[in-house]
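Here is the structure we will look at, set down as structure tokens.
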Amino acid sequence: MRAAQEKISALEKASRRNKDNDATYASAIKKLKGDLEIRNHEMAALAQQVETYKNQNENLISTVGLQKAEIDDKLNQIKSKQDEIGKLQDQVNQLMVKSAFDQGEAYFARAAAAEEIAKRLSVRLELIQVTGQSRIPTLNSGKIDLLLAALTHTRAREKAVDFSITYVQDGLGIMVKKGR
């Protein structure tokens, strides 16, 4: 019996060692499970962050696409305006050429009118050059009998001289910025 007692005692010791080992294993497994759970939470958080970055990246790509389309539209508008400016510059150049002819025609018309007036009055025509500032004083002094010149008809000038009806319309005007 003693041998059986010893066997039982050895089995009890082995069982206690197994229990101690089981407790150690159980503790290690519990710690590993805890670490695994922490890592799973970290992985889920990282996956969520990756998804957030992915969405932000898609939004940025969409925004860049919209901005590119807006820039392309603005560039097309600029090109269209540049084309309009080119056309307007051509028109201005044409008008300037025409204006030079119109001014020549106006000078010719003044000379022709002066010749016709002298002819109808049976007087000799003498042309005298005057400046813009000396026109009215020279006429009122009696040094000249009539004035054929570009002279704006104003009430103040109407008090100093008699005007005929307008015989040349030149289309000159004054322009200012709107709202001023």
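No lab work stands behind these numbers, since they all come straight from the coordinates. What you see is a predicted model; the values in this text were computed from it and never measured. Note that each Cβ is placed from the backbone with ideal geometry, even for glycine, and that neighbours are counted across all protein chains shown.
For this structure, a couple of remarks:
- Here the Karplus curve 6.51 cos²θ - 1.76 cosθ + 1.60, taken at θ = phi - 60°, turns the phi angles of region 42-51 into couplings of 4, 5, 5, 5, 5, 4, 5, 5, 4, 5 Hz, with x standing for Gly and Pro.
- For region 121-135, 3J(HN,Hα) per residue [Karplus equation, 6.51 cos²θ - 1.76 cosθ + 1.60, θ = phi - 60°, Hz, x = Gly/Pro]: 8, 6, 10, 7, 8, 10, 8, 10, 7, 10, 9, x, 7, 9, 3
- Estimated inter-spin distance, D73 and N57, nm [label 7 Å along Cα→Cβ]: 2.9
- Farthest toward positive dipole pole in region 2-94 [+1 Lys/Arg, -1 Asp/Glu at C-beta], among T24, G65, I85: T24
- Placing +1 on the Cβ of every Lys and Arg and -1 on the Cβ of every Asp and Glu, with no other charges, gives region 2-94 a dipole of roughly 1100 debye about its Cα centre.
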